[in-house]
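Every number in this text was worked out from the coordinates using simple rules, so none of it is lab data. Being a predicted model, the structure only gives us computed values, none of them experimental. Virtual Cβ from ideal backbone geometry, glycine too; neighbours counted across all protein chains shown.
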Amino acid sequence: MEYRELGRTGAKVSAICLGTMTWGEQNSEADGHAQMDYALAQDINFFDTSEMYAVPPKAETQGATERIIGSWFKARGTREKVILATKVAGRSPMNWLRKDGSGTEQTPKQIAEAVDSSLKRLQTDRIDLYQLHWPDRPVAMFGSSGLAYRHAEAKSVPLDEILGALSDHVKAGKIRWVGLSNETAWGTMSFLHHAAAKGLPRMQSIQNAYSLINRTFEAGLAEIAHREQVGLLAYSPLAQGYLTGKYQDGALPAKSRKALFNRLQRYEKPQTAPAVERYLAIAKRFELDPAQMALQFVTTRPFVTSTIIGATTMEQLKTNIASVNVRWSEEIEKAIDEAHHAQPNPAP
C-alpha cells in the first residue's frame with residue numbers, strides 16, 4: 001500500500017481510503033467491523049465517514065455509521081492505527097441532525113454541536129480530519145446542473161466565520177486538521193486566503209466526486225490541489241457502481257443501491273451509458289476487472305491523495321482494495337484518454 005501526505009500535515013494516509021456510508025443501512029454493525037478489520041490488515045490507515053451517514057440520509061439511521069466505527073474502536077483498541085475523517089453537514093432542510101430540530105447550517109453553534117456529537121458516537125477524543133460536507137452557500141452540487149455556474153443569492157455563513165469556529169475546536173484538541181468536500185475552485189482558494197490572512201486553520205484536502213465519467217476536477221481544482229497541496233480525496237470513483245458494469249444493458253442486481261433506493265440519477269445522464277460501454281470495453285481489451293481499472297485510474301492521478309472506496313460485500317471490498325496491484329501502462333492511459341476525448345464528462 002502506498003502512503004501519501006495529507007495536505008501539509010506531515011501525516012501519511014493510504015492511497016485507498018475506506019468509505020463507510022452504507023454501514024447502518026445496507027450493512028450491519030458486524031459487516032462494518034469485518035470491513036474495518038480487513039482494511040486495516042491490508043494496511044489501509046484512512047477511514048472516512050460523516051455525521052449524516054448512513055445513506056440515504058434519514059432520521060432513523062443518522063449517526064449510525066459513526067456509532068459502528070466507535071464500537072469497533074472500543075472493541076478492538078485500534079483508534080491509534082487509524083486516521084479518521086468525518087464531516088459536518090452544510091446548509092440543508094434536514095431537521096433531524098440538530099437537537100433543536102432546525103435545518104443544518106455551518107454556524108459556530110451548529111459546528112460545536114456537530115463536533116461533540118460525532119466525538120461521542122465515535123468514542124474518541126479527537127477527529128483527525130474534519131470536513132465541511134458541502135458549502136453553506138448556494139452552489140450547484142452533486143451533478144445538479146452540469147458544468148455551468150449559476151449565481152444565486154441566499155443566506156450563508158461567511159467563510160472566515162466558519163474557519164474561526166473550526167479554529168476553536170482545533171485549539172481545544174478536538175480536531176487536528178480541516179478539509180473541504182463538494183467545493184469549488186473559488187471556495188477552496190477563498191478558504192486558503194482567509195486562513196493565510198487571519199491565522200486560521202488551513203484546508204488540507206478536498207473530497208469531491210472524480211471518476212472516468214466525471215473528470216471535472218481536472219479543469220481548475222487539480223492545479224490548486226497540486227500548487228497548494230490540498231489533495232483530492234476522490235469519492236464515487238466507480239460512479240456509484242456504473243463503472244463496474246453491474247448495471248450494463250439495463251441490469252438491476254438485487255440489493256444494489258439502484259434497486260433499493262433509486263438514487264443514482266447523477267450517473268444516469270443521456271451520454272453516460274455509451275461512455276461506460278467504452279470503458280468496459282477498454283477493461284476487457286486489457287483483461288482487467290472494470291472496477292479495478294476505474295479505481296486505479298483515479299489512484300494514479302498526481303493530484304489525488306486517496307481514493308475512497310465503498311463496498312456492501314467482502315468480495316467487493318477485496319476487489320476494490322486489490323486495485324492498487326493493477327499495473328498501469330501507457331497503452332491503458334492512451335485508450336482511456338481517447339475515450340474521454342470522444343465523450344468527456346458525461347456525468348459531472
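Below is a table of values for the structure above.
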item	result
Of all residues in the range 276-300 being outside any helix (DSSP H, G or I) and acidic (Asp, Glu), the one that is surrounded by the most Cβ atoms within 10 Å (Cβ to Cβ)	Asp289
Criterion (without any contact (Cβ under 8 Å) to a residue 12 or more places away in the chain, closer than 20 Å to Arg301 by Cβ and surrounded by fewer than 22 Cβ atoms within 10 Å (Cβ to Cβ)) met by exactly one of Arg227, Arg215	Arg227
Restricting the range 233-254 to residues that are within 20 Å of Asp337 (Cα to Cα) and hydrophobic (A, V, I, L, M, F, W, C), the residue that is farthest from the chain's Cα centre (by Cα)	Leu243
Any chance Val139 is in contact (Cβ under 8 Å) with a residue 40 or more places away in the chain and touching a strand residue (DSSP E or B) at 6+ places or on another chain (Cβ under 6 Å)	no
Residue identified as over 18 Å from Lys174 (Cα atoms) and part of a loop (DSSP other than H, G, I, E, B) among Ala140, Ala39	Ala140
Evaluation of Tyr38 against (1) surrounded by fewer than 23 Cβ atoms within 10 Å (Cβ to Cβ); (2) touching a strand residue (DSSP E or B) at 6+ places or on another chain (Cβ under 8 Å) (one fails), failing number	(2)
For Lys258: the one exception among (1) touching a Phe, Trp or Tyr at 6+ places or on another chain (Cβ under 9 Å); (2) under 30 Å from Arg202 (Cβ atoms); (3) not small (Gly, Ala, Ser)	(2)
Checking Glu51 against (1) of a type outside the set (S, T, N, Q); (2) buried (at least 16 other Cβ atoms within 10 Å of the Cβ); (3) part of a helix (DSSP H, G or I), the condition it does not meet	(3)
Members of the range 184-222 that are part of a loop (DSSP other than H, G, I, E, B) and either under 30 Å from Glu338 (Cβ atoms) or small (Gly, Ala, Ser) (or both)	Thr184, Gly199, Tyr210, Leu212, Ile213, Arg215, Gly220
Residues that are among the acidic types (Asp, Glu) and over 16 Å from Arg79 (Cα atoms), drawn from the range 12-47	Glu25, Glu29, Asp31
Residues being in a loop (DSSP other than H, G, I, E, B) and of a type outside the set (A, V, I, L, M) - total across the range 72-97	7
